[in-house]
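The values are calculated or read from the model by the stated rules, or taken from the named source; none is laboratory data. This structure is a prediction, so every number in the text was calculated from the model and none was measured. In this analysis, Cβ positions are derived from the backbone assuming ideal geometry, glycine residues included, and neighbour counts consider all displayed protein chains.
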Amino acid sequence: MIRDYKQGRFVPQTFSYESLMKKRVKKHPSYLQPIYEAVSNSLEATSGKGDYVTIRLKVSKSSTPGKYEFCSIEVEDSGCGFNEENLSRFYQLFDESKNFHNLGSGRIQFLHFFEHTEFRTVYIENGKKKKRNIVLSIGFIGTEKTPIWEGFEQDATEEEHTGTIVEFFFPRDSKDKESYENLTTDELHDKIFTHYLGKFCIRKGNVQNIAFERYIYDAHVDTEDKFIQDDDIPVVDYHDEVKVHYKRINSTNDGLIKQKETETFKIDSYLLPSSVQKRNEIKLTSKDETVDAENVDFSFVSRAKIEEGKNMLCLISSDFLTNQDTDLRGKLTLYTKSQFLKEKNLFTLDESHIFIDDVQEEVTEKITTHYPAINKIKEESEEDIDQVVEDFSLDKDVIAAIGVKTGEKVSDFLERYYHSDADFQKDNTQRLKAVFDSLRTLDPSGANFNRKFNAKVKEINSLIPVKNKSSLSRYIASRKSAMNMLRLILSKNLECQLEKKKRKSNEKLIHDLLFKQGTIDTLESNLWMLNEDFIHFKGFSNFELRKLNDDGVGVLRKLDDKEKEQLTAYNKDMLGYKPDILLFPEEHKCIIIELKSDTADPTHYLGQAINYAGLLREFAKDEYVIDNFYVYLIAESFDFTSVVRTDPRFQLSQYMDYVFMPNANVYGGARGYGALYMEVLKYSTLLKRAEMRNSIFSDKIFGDDFDKEGEKED
């Protein structure tokens, strides 16, 4: 774009555009916003049928085949043009003479998105046809202290018709530039059609002819032309309205009271071809244009199938919504009840307010009543959330505070729940701390100590959320069940052990019970039966050595040809060995657990885990070198003395329930020897230890005589 700026003047401004762009009218998140702004201006400048608005996408071919370089985007209309009245309004930002909600701040988006925006306008002034050019550029501010240049007014020819062309050059952001280069007339047609559908429907019978054209090197590619005409505007499939009551805060500042005053919200639903309307949507509108609003989520309707080949677009309009529009056109300021109660400074407390969640609830009730398919999705969502509340014993007080949004996804509900629950927990934690701190006032030697102490315990218990108590009991029940499962496996009383055709091996059953094969989540395992700490370590259950990785990074180092030959000699594949369980408690340490059948002789496997340890020490990367190994070999039907007889390095424990090797060398090749500690024990011993550790809790829940009664029944 070449222009002689001497043939015009720079228009002084009384405020700083740079400050305005940083602090008040920030860049809109949608790259289409400047186009929307220009089209909105064109629709407002034209009367309707007989007028036109044309959007042109202009590109040139790039050196990359199939790729195009952005040239400009042009919006032309047949409106009245920039006469003196309109020009004056253009120069005076936030001028309310047009109407209260058209303050002209849309031009700030032009500055945010493009280096240069040019206006070429033809208009009638005092009965004569005139024309002028205007350029808007952020680059002018540095030298001219204004972003606006105005060309001198000239006489227009009879052939030139009134109207305005707005053309955008040089996108300021590379991502926006790429989006404009990839924009098609098809896509832009669909976006404009749905964005202004409310406006089009209101004007049906008097809609401007709207065209979308694409140019390559100024050559019109007419095969890509798209149009919006009056015949394209659909009829309303469903119309209704709801009245939403204003609410104000109560006298205790912790709740809301419904007022008599209401606002009316109109519902207009359209069924559009799925090629245009990609999914079911409910959108808010302001000034008959669809807008974005925080805290509004109707996404559940997208999952419904209303009619084959069509999707619903439901538009919600209200004077209230238009009044909430901001300087950032199309971004509404709306608040939920929970926001109001949490951040009361956002509002004037003595005023009444409309809350968007009330609007959402009332609209959803109407929509789900009219469309059974949407109602079905709503009910399924409610059932899913009810199930989650039950499964996870969620706190009813927290749920009452945050509410359940209609059709809300479980993931979104849980995110809101845990965010709010954190606040509840914080408050409870402070109160619990105060009670615990008050224990210092008690005297254990005092006559009433037990009564006062028990009163403190009762108070502490009342502050523990029900869900925490339920979680604890469920956790203990899970442990009790796991121990009973191990007992049943060892006694061969599981049904899967008794079926001849599908009989499962005891070794596999025990392995999967303790730590599911092929998994790495130790927190979900039952390794606490062996040692409480084991569930907190990084772990691998039945993984090949070569497939061990730390957050996607392989543990073993790169091997040379000689090492590869050594590891595959005699038809072996040593790095394909699968230790039953590997745990890594901290740097340079490793726990190896080998689980054998309850009928296996562990003396045949004493060297197996030591071999695994040697491979890990010799072939791990430098940052994963292991110096100390702790090995547990577990079986059932054997004699401890046979283990000691096979390898005299083993010693009998003091309680005769396991044997251990206090220290042995682990071969590490060029790295030298590592150290190894090893135990051989029985599953029955493991089970007994686990029961002793957990009995203090399980007895409180199930009763001291629970296991005795079970034994009597057996």
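Would you pick out the residues in region 34-73 that are closer than 24 Å to Y17 by Cβ and touching a Leu at 6+ places or on another chain (Cβ under 8 Å)? Passing the criteria: I35, I73. Note on region 390-436: residues that are over 20 Å from the mean Cα position of the chain (by Cα), of a type in the set (S, T, N, Q), modelled with pLDDT under 75 and in a helix (DSSP H, G or I) total 3. Note on region 668-694: residues that are part of a strand (DSSP E or B) and in contact with a strand residue (DSSP E or B) (Cβ under 6 Å, 6 or more places away or on another chain) total 8. Taken as a whole, the structure leaves E178 outside the set of residues that are of a type in the set (D, E) and over 31 Å from the mean Cα position of the chain (by Cα).
Of the residues F193, F152, which is modelled with pLDDT under 95, over 14 Å from V75 (Cα atoms), buried (at least 19 other Cβ atoms within 10 Å of the Cβ) and hydrophobic (A, V, I, L, M, F, W, C)? Write out each step before concluding.
Numbers: F152 fails: buried (at least 19 other Cβ atoms within 10 Å of the Cβ).
Sole residue among the options that is modelled with pLDDT under 95, over 14 Å from V75 (Cα atoms), buried (at least 19 other Cβ atoms within 10 Å of the Cβ) and hydrophobic (A, V, I, L, M, F, W, C): F193.
Among residues of region 372-394 that are more than 30 Å from I464 (Cα to Cα), those with a Cβ under 7 angstrom from a residue that is polar (S, T, N, Q) and part of a loop (DSSP other than H, G, I, E, B), sequence gap 6+ or separate chain, pair up as K378/T406.
Of the residues K49, K26, K6, which is assigned to a loop (DSSP other than H, G, I, E, B) and exposed (fewer than 12 other Cβ atoms within 10 Å of the Cβ)? Before the answer, list the steps.
Numbers: K49 fails: exposed (fewer than 12 other Cβ atoms within 10 Å of the Cβ); K26 fails: exposed (fewer than 12 other Cβ atoms within 10 Å of the Cβ).
Every option except K6 fails the conditions.
When you check I257 against the structure, is it among the hydrophobic types (A, V, I, L, M, F, W, C), without any contact (Cβ under 8 Å) to a residue 24 or more places away in the chain and either in a strand (DSSP E or B) or not assigned by TED's automatic domain parsing to the domain that holds D350 (or both), yes or no?
Numbers: among the hydrophobic types (A, V, I, L, M, F, W, C): yes; without any contact (Cβ under 8 Å) to a residue 24 or more places away in the chain: yes; either in a strand (DSSP E or B) or not assigned by TED's automatic domain parsing to the domain that holds D350 (or both): yes.
So I257 passes the test.
Table: residues versus (1) farther than 28 Å from K558 by Cβ; (2) in a strand (DSSP E or B); (3) within 49 Å of the chain's Cα centre (by Cα).
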| site | (1), (2), (3) |
| --- | --- |
| L616 | no, no, yes |
| R645 | yes, no, no |
| Y655 | yes, no, no |
| N663 | yes, yes, no |
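I'd like the residue in region 200-227 that is of a type in the set (K, R) and assigned to a loop (DSSP other than H, G, I, E, B) and, out of all such residues, is surrounded by the fewest Cβ atoms within 10 Å (Cβ to Cβ).
Residues of region 200-227 of a type in the set (K, R): 203-204, 214, 226.
Filter once more, so that each one left must be assigned to a loop (DSSP other than H, G, I, E, B): 203-204.
Working: R203: 18, K204: 14.
Residue satisfying both the conditions and the ranking: K204.
Here are some residues: I257, I282, I267. Which one is hydrophobic (A, V, I, L, M, F, W, C) and exposed (fewer than 14 other Cβ atoms within 10 Å of the Cβ)?
Values: I282 fails: exposed (fewer than 14 other Cβ atoms within 10 Å of the Cβ); I267 fails: exposed (fewer than 14 other Cβ atoms within 10 Å of the Cβ).
Result: I257 is the single residue among I257, I282, I267 that is hydrophobic (A, V, I, L, M, F, W, C) and exposed (fewer than 14 other Cβ atoms within 10 Å of the Cβ).
For Q33, the conditions (1) in contact with a helix residue (DSSP H, G or I) (Cβ under 8 Å, 6 or more places away or on another chain); (2) within 23 Å of I233 (Cβ to Cβ); (3) surrounded by 19 or more Cβ atoms within 10 Å (Cβ to Cβ) are fulfilled apart from (2). Take the residues of region 630-641 that are in contact (Cβ under 8 Å) with a residue 40 or more places away in the chain and not in a strand (DSSP E or B): which is farthest from Y683 (Cα to Cα)? Filtering region 630-641 for residues that are in contact (Cβ under 8 Å) with a residue 40 or more places away in the chain and not in a strand (DSSP E or B), the one farthest from Y683 (Cα to Cα) comes out as F640. Scanning region 177-187 for residues that are out of contact with any Asp or Glu (no Cβ under 9 Å at 6 or more places or on another chain), in a helix (DSSP H, G or I) and buried (at least 19 other Cβ atoms within 10 Å of the Cβ) yields one hit, Y180. Yes or no: M574 assigned by TED's automatic domain parsing to the domain that holds L687, of a type outside the set (D, E, K, R) and crowded, with 19+ Cβ neighbours inside 10 Å? It is false that M574 is assigned by TED's automatic domain parsing to the domain that holds L687, of a type outside the set (D, E, K, R) and crowded, with 19+ Cβ neighbours inside 10 Å. In region 578-596, the condition of being of a type outside the set (D, E, K, R) and without any contact (Cβ under 8 Å) to a residue 24 or more places away in the chain is met by no residue.
Being at pLDDT 80 or above, within 18 Å of V242 (Cβ to Cβ) and surrounded by fewer than 19 Cβ atoms within 10 Å (Cβ to Cβ) narrows it down to one residue among S299, S317, S352; which is it?
Values: S299 fails: within 18 Å of V242 (Cβ to Cβ); S317 fails: surrounded by fewer than 19 Cβ atoms within 10 Å (Cβ to Cβ).
It is S352.
Residues in region 228-247 that are surrounded by 14 or more Cβ atoms within 10 Å (Cβ to Cβ) and assigned to a strand (DSSP E or B): I228, Y238, D240, E241, V242, V244, H245, Y246, K247.
Scoring L463 on the criteria (1) under 16 Å from L394 (Cα atoms); (2) at pLDDT 80 or above leaves a single failure, condition (2). Of the residues making up region 566-614, those that are touching a helix residue (DSSP H, G or I) at 6+ places or on another chain (Cβ under 6 Å), part of a helix (DSSP H, G or I), closer than 15 Å to L556 by Cα and hydroxyl-bearing (S, T, Y) number 0. For region 53-68, a residue qualifies if it is surrounded by 14 or more Cβ atoms within 10 Å (Cβ to Cβ) and modelled with pLDDT under 95, and exactly one does: Y68. Taking the numbered list (1) basic (K, R); (2) in contact with a helix residue (DSSP H, G or I) (Cβ under 7 Å, 6 or more places away or on another chain); (3) touching a residue at least 24 places away in the same chain (Cβ under 8 Å) in turn, K456 passes all entries but (3).
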